[in-house]
Structure formats: C-alpha cells, structure tokens
Amino acid sequence: MMVESLAGRFGVTLQTVRRDVRQLAEAGLLARFHGGVRMPSSTTENLAYRQRQHLLDEEKRRIARAVAGAVPNGCSLILNIGTTLEAVARELLRHDGLRVITNNLNVAAILSDNARCEVIVAGGVVRSRDRGIVGEATVDFIKQFKVDIGLIGISGIESDGTLRDFDYREVKVARAIVEHSREVWLAADHSKFNRPAMVELGRLDQIDSLFTDSMPPAPFPTLLAEAGVNLITCDQ
C-alpha cells in the first residue's frame, strides 16, 4: 500500500504513518519501497501454495472474470502456473471451442469439466507442492505451438519494469509461452507490484495486456504506457 492510502484509511497524518512504518520495518514486520510499504518477503522462495490459494481470493476472482470476458470462444490458449490462472480456468468453464495447453495439472483438472474445451497437458516434471509441470521437456513441448493467447502469472513486477519469479525452471517455461503466443496477457493482483523475486522472466514491453484488481502505484502506470501495455483494472 502507498503511504498516502494508509494515512487516509486510518485518518492520521503522513508523518504518523511514516514513523510507524519505520518502526515496523525495523522490527522486520514490513518492507519499505519508494512511497509505500508491503509485506516482507524472500527473493528466493515463494509463499506456500496452500497459503497463496486463500490470499486475495476475491481480487483473483475479479481478475479471472475480466480475463474470461476478454477470451473469445474458439481460440487457442496457453495457461501456466499460479492460483490466479486457476481462477481464470474456473471462469472459462462456460466457453465453447477452446483449445487450452497448460503446464498446470490444477488448470487441466478444472477445464476437463468443460466438454466443449480440449485440454492438452505439457510433459515434464510435476512439482508436488502445486502440481505445476516444469523442466526442459516442458519447454520443448510448448515450442511446438503458436497460440492466440498466452496467459501467464507472475510472482513480482519490479519498478524497473522487470517481471520476476522464483523457480528458474518455471521461468524458462514462461519464456517459451511468451515466445510462442500471438498475444501475451499477464494476470497479476496488486500485491505483485514492487515484490522482489530472484529470476528475471522478461520485461513489461513483452506483454500486450495486464489484468489487475486495482490501479498500480507509481511508477507502473507510466511504465505500462511507455511499454504499450493495455492495462485492465478490475475494481470492485
């Protein structure tokens, strides 16, 4: 959250928020970035999958509805790993004529309930913690295709415009998806902005559309405009 938003929410001055934020940061309970604060997190390890399943659930549903509303019937897609992508899969259950390639067994299980949708599952190594499929075999499998829409999730978007994640094997698959999609859509809730992660996946100028639940903080609106990214905010 931005410092100004915290001051407005709690009805206190900016000086009070900055003082409290400084104390919380010194205690390791918050991490500061320019103009705002976020929950502290590691650059080397993501939150546990079960924790991410319940985190910002309503925001992810709003994003998923917006994404599904933009997906036409009868198109081809690749969906990768992430709880937001799983929410999108649930919203696609009423679509007709989709051909979906995925390296996410949870997405495959969800969309297999749609008899009007063909689901193709990538080969590779299955991660037990979240049922994501990764590895060189997965990359080679993805490279066979050229789809209408590549829909990816992300762990962090940094203020220099880099897209980042934690597992280099997952990142290599995501890069292949970006390269083999006619359009690339990114689905990311507001917690992903200014969140650090270790491995660079790409940059904002490789994305065609970004779906998020609220207007991103500065400097992201400017970065997105400069990169020519279509920003779709799914406010309540």
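The values are calculated or read from the model by the stated rules, or taken from the named source; none is laboratory data. Fair warning: this is a prediction, and the values are worked out from it, not measured in the lab. All Cβ positions, glycine included, derive from the backbone under ideal geometry; neighbour counts span all protein chains shown. SASA here: full protein model, heavy atoms, side chains in, ligands and nucleic acids out. Shrake-Rupley method; radii C 1.70, N 1.55, O 1.52, S 1.80 Å.
Taking H as built 1.01 Å from N, whose amide H comes closer than 5 Å to the amide H of Phe33, not counting residues under 5 places away?
Long-range HN contacts for Phe33: Arg38.
Just need the relative contact order of the stretch 122-236 here, percent rounded to a whole number, with Cα pairs under 8 Å and 6+ apart.
Here the relative contact order equals 24 percent.
Once the principal axes of the Cα atoms of the stretch 128-186 are found, what is the range along each, listed largest first in whole angstroms?
If we take the Cα atoms of the stretch 128-186, the spans are 33, 30, 15 Å.
For the stretch 118-208, give the magnitude of the charge dipole about the Cα centre (Cβ charges: +1 Lys/Arg, -1 Asp/Glu; no others), in debye to the nearest 20.
It comes to approximately 240 debye.
Taking the chain as a Gaussian network, where each spring joins two C-alpha atoms under 10 Å apart, which residue of Phe141, Phe33, Phe193 fluctuates the most?
So, out of Phe141, Phe33, Phe193, the one fluctuating most is Phe33.
Please report the carbon-and-sulfur percent of the accessible area for the chain; probe 1.4 Å, protein heavy atoms only, DNA, RNA and ligands left out.
Ligands and nucleic acids excluded, carbon and sulfur give 50 percent.
Rounded to the nearest 500 deg cm²/dmol, what is the calculated helix-only ellipticity per residue at 222 nm for the chain, with -39500 (n - 2.57) per DSSP H run of length n ≥ 4?
For the chain, the value works out to -10000 deg cm²/dmol.
Treating the beta-carbon of each Lys and Arg as +1 and of each Asp and Glu as -1, no other charges, what is the dipole magnitude of the chain about its Cα centre, to the nearest 20 debye?
I would put it at about 400 debye.
Express the accessible area of the chain per residue in Å², computed with a 1.4 Å probe while the remaining protein chains stay in the model.
I get 48 Å² per residue for this part.
List the lysines whose Cα sits under 22 Å from the Cα of Lys172, skipping any in the same chain fewer than 8 residues away.
Of all the lysines, those that pass the test against Lys172 - Cα under 22 Å, at least 8 places apart if same chain - are Lys143, Lys146, Lys192.
In the stretch 84-236, what % of DSSP beta bridges are antiparallel (nearest 5)?
Here the antiparallel bridges make up roughly 35 percent for the stretch 84-236.
Taking only Cα atoms and a 10 Å spring cutoff, compute GNM fluctuations for the chain and point out the largest among Gly82, Gly35, Gly153.
In this elastic network of the chain, the residue with the biggest mean-square fluctuation among Gly82, Gly35, Gly153 is Gly35.
Among [x] 11.5; [y] 12.5; [z] 16.1, which is the computed mean projected area of the Cα convex hull in nm²?
For mean projected area of the Cα convex hull in nm², the calculated option is [y].
Could you pull out every whole DSSP H run in the chain that spans at least 15 Å of Cα extent along its own axis and averages -1.0 or higher on the Kyte-Doolittle scale?
14-26, 57-70, 168-179
Taking the chain as a Gaussian network, where each spring joins two C-alpha atoms under 10 Å apart, which residue of His180, His34, His190 fluctuates the most?
Between His180, His34, His190, it is His34 that shows the largest mean-square fluctuation.
Between Leu201 and residues 5 or more places away or on another chain, which pairs have amide H atoms under 5 Å apart, with H built 1.01 Å from N, and which residues are they?
Sorted by chain and number, the residues that satisfy this are Leu163, Arg164, Asp165.
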